[in-house]
1. Test E84 against the stated conditions and say whether it is among the charged types (D, E, K, R) and at pLDDT below 95.
2. Quick one: would you say S64 is at pLDDT 95 or above and surrounded by fewer than 10 Cβ atoms within 10 Å (Cβ to Cβ)?
Amino acid sequence: MPVGSDRLESLSYGSKDVAQAVMEQEKKKEGVGEFVKDVRAELARTTFPSSEDVKNTTIIVIVSVIFFAIYLFLIDQAWTYILEGVTWVVNKIAGA
């Protein structure tokens, strides 16, 4: 029995054709040359963003980071103010 066949048979959702294809793929060992050829073929199909797209996306990220930093700073300051006010009121009531 081939390695991994019990694992493939335990898949209740898979079909025998898929399991057989996976087992054949596991049997087939490819060399370094075949791997490099596949990588080059995959890179030929890959599209990369233009420099304009990268620049625009970078600007969006920087503006978003600045916006959220300011927003979180203001929320933090507001909570600090509110909690200091509550502490002052509790101290006045408790007589501390």
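1. Working: among the charged types (D, E, K, R): yes; at pLDDT below 95: no.
The answer is no for E84.
2. Working: at pLDDT 95 or above: yes; surrounded by fewer than 10 Cβ atoms within 10 Å (Cβ to Cβ): no.
Here the answer is no, as S64 does not meet what is asked.
The values are calculated or read from the model by the stated rules, or taken from the named source; none is laboratory data. All of these numbers come straight from a predicted model, not from anything done at the bench. All Cβ positions, even for glycine, are placed from backbone atoms using ideal geometry, and neighbour counts span all protein chains on display.
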